[in-house]
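A.B. asks: Here it is, the structure in full.
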Amino acid sequence: MKNGEAVTVLAVPSDANVQVPQPHDGKGPLRVVIAGAGLMGRWHAYYARRLGARIVGIVDKDPLKARSLIQSHASMPVFLQLEQCLGRCKPDIVHICTPTASHFDLAKLALEAGTHVLFENPEAPTLELPEALLRLARRKSKLLNPVHQFPFQNGFRQLRLKAKALGEPVRVSYEAFTAGGNGRSAEERRRILIEILPHAFSLGAALFGASFLNTMEFAGSPTGDDFELWGTASGARFHVCLSHRGRPTRNVLTYTATAGSAHVNLYHGFAVFEAESEATRRGKLLQPLTFGVRLAARSAINLLTRFRRSVLAYPGLPELGRAFYDAVRNGQPAPIGEAEIVELARTIDRLQAN
């Protein structure tokens with residue numbers, strides 16, 4: 001196959017203010033194309049199959065990667081260009097799992113072809129591009145949804161259910177210490193931290209609404225390998241710390257409130273809670289033991305549950321995928337709304353400018 005020509009970015013006319021998707025016709029499983037046969041493409045393909053979708057095509061410019069993915073999904077046609085795949089496979093949904101720079105062009109192609117789009121973070125490097133895609137999605141009556149899977153994890157969902165019982169929020173802290181920048185250039189390491197930001201912000205938006213993102217400010221980067229940001233929401237401080245240097249690697253959210261706290265492990269998708277009653281003398285004495293027992297118990301239960309459900313990696317991704325597929329089938333809005341997508345892109349634009 002010959003490579004297609006580069007996609008030209010065109011202006012997209014403004015349309016209505018609400019996405020009104022066309023429901024799936026209900027005939028057979030959803031037809032899915034995976035664009036990008038790397039690590040995330042593999043997991044998207046795995047969960048798509050687990051959710052009952054039919055993978056009708058794989059797109060990757062590297063035939064070896066694509067063929068490697070085919071070994072797990074036999075009889076799938078492979079394409080070097082998404083445009084070729086769309087014309088032949090007629091999918092309902094395209095999963096975009098390619099490098100960031102290609103997201104706009106691929107999402108635009110998919111939407112113009114009349115398919116829904118689920119795409120890996122971040123959606124595009126500047127605010128104008130997500131806004132243009134959202135206008136196109138509205139005009140085509142198709143859904144456009146980023147992969148912000150953390151709010152769909154069981155542990156975070158438990159936090160949202162118990163948040164009122166925990167009292168008024170005082171401080172919410174997100175920490176991500178990553179080894180993903182090892183051996184990379186300084187610019188690549190900076191980009192990796194920026195690409196983590198949408199995950200942190202999606203958690204804050206799920207707790208406090210997307211408007212809180214307007215308060216986020218860049219607090220500093222002492223070495224270039226660490227980012228700190230602060231914001232406020234519902235009387236609480238929202239703190240984000242991202243680091244290439246911090247060890248051990250971690251991805252956690254700590255929610256501190258007036259009547260208790262929650263510790264959400266985002267690598268594994270579970271939460272451990274502490275109540276105000278443990279602030280007694282006896283509670284303080286036993287706190288390391290009681291917390292350790294709870295942590296061990298929740299870790300074990302979560303691990304068993306994940307294996308039973310075949311959630312082998314990226315907890316929250318199958319739950320988000322199911323919600324997106326249901327929205328497509330039933331003609332409902334996307335699980336992650338336009339306001340969050342726009343506010344998130346606007347905030348990252350503003351922070352990068354600073």
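A.B. asks: Which residue pairs have Cβ atoms closer than 6 Å, lie 6 or more positions apart in sequence or on different chains, and pair a first residue in region 82-95 that is modelled with pLDDT of 95 or more with a second residue that is open to solvent by 10 Å² or more (accessible area, probe 1.4 Å) and among the charged types (D, E, K, R)?
C.D. replies: Pro91/Arg31; Asp92/Arg31
A.B. asks: Ok, one more. Filtering region 266-282 down to residues that are open to solvent by 20 Å² or more (accessible area, probe 1.4 Å) and closer than 17 Å to Ala163 by Cβ, which residue is farthest from the chain's Cα centre (by Cα)?
C.D. replies: This residue is Glu276.
A.B. asks: Taking Leu285 as the residue in question, decide whether it is open to solvent by 80 Å² or more (accessible area, probe 1.4 Å), more than 30 Å from Asn182 (Cβ to Cβ) and either aromatic (Phe, Trp, Tyr) or modelled with pLDDT of 95 or more (or both).
C.D. replies: no
A.B. asks: A further question follows. Give the residue that is farthest from Lys90 (Cα to Cα), with candidates limited to residues of region 48-64 that are open to solvent by 10 Å² or more (accessible area, probe 1.4 Å) and either touching a His at 6+ places or on another chain (Cβ under 9 Å) or in a helix (DSSP H, G or I) (or both).
C.D. replies: Only one residue fits best here, namely Leu64.
A.B. asks: Test each condition in (1) of a type in the set (A, V, I, L, M, F, W, C); (2) at pLDDT below 95; (3) buried (at least 16 other Cβ atoms within 10 Å of the Cβ) for Val240 and report the one that comes out false.
C.D. replies: Just one mismatch for Val240, condition (2).
A.B. asks: Then there is this: Taking Ala345 as meeting all but one of (1) surrounded by 14 or more Cβ atoms within 10 Å (Cβ to Cβ); (2) without any contact (Cβ under 8 Å) to a residue 60 or more places away in the chain, write down the number of the exception.
C.D. replies: All conditions are met except number (2).
A.B. asks: Still on this model: State whether one or more residues within region 311-331 are over 25 Å from Tyr174 (Cα atoms), open to solvent by less than 70 Å² (accessible area, probe 1.4 Å) and outside any helix (DSSP H, G or I).
C.D. replies: yes
A.B. asks: Going through Thr215, Thr223, Thr249 one at a time, which residue ends up being under 23 Å from Gly167 (Cα atoms) and of a type in the set (Ser, Thr, Tyr)?
C.D. replies: After ruling out the rest, the residue left standing is Thr215.
A.B. asks: Do any helices (runs of 4 or more DSSP H) lying entirely in region 65-184 carry at least 3 residues that are closer than 30 Å to Arg245 by Cα and of a type outside the set (A, V, I, L, M), and which ones are they?
C.D. replies: The qualifying helices (runs of 4 or more DSSP H) are 154-162.
A.B. asks: Residue by residue through region 197-234, note down the ones that are aliphatic (A, V, I, L, M) and open to solvent by 30 Å² or more (accessible area, probe 1.4 Å).
C.D. replies: The answer is Leu207, Ala219.
A.B. asks: Among (1) surrounded by fewer than 23 Cβ atoms within 10 Å (Cβ to Cβ); (2) more than 28 Å from Arg31 (Cβ to Cβ); (3) of a type in the set (Gly, Ala, Ser); (4) free of Cβ contacts under 8 Å to residues at least 60 places away in the same chain, there is one condition Ser173 misses while meeting the rest; what is its number?
C.D. replies: Condition not satisfied by Ser173: (4).
A.B. asks: Oh, and also: Considering only residues that are touching a Ser or Thr at 6+ places or on another chain (Cβ under 9 Å) and closer than 29 Å to Tyr255 by Cα, which ones fall in region 124-157?
C.D. replies: Pro146, His148, Gln149, Phe150, Pro151, Asn154
The values are calculated or read from the model by the stated rules, or taken from the named source; none is laboratory data. This structure is a prediction, so every number in the text was calculated from the model and none was measured. As a convention, Cβ positions derive from the backbone with ideal geometry for all residues, glycine included, and neighbour counts pool all protein chains shown. In case anyone asks, the SASA skips ligands and DNA or RNA and just uses the protein heavy atoms, side chains included. Shrake-Rupley method; radii C 1.70, N 1.55, O 1.52, S 1.80 Å.
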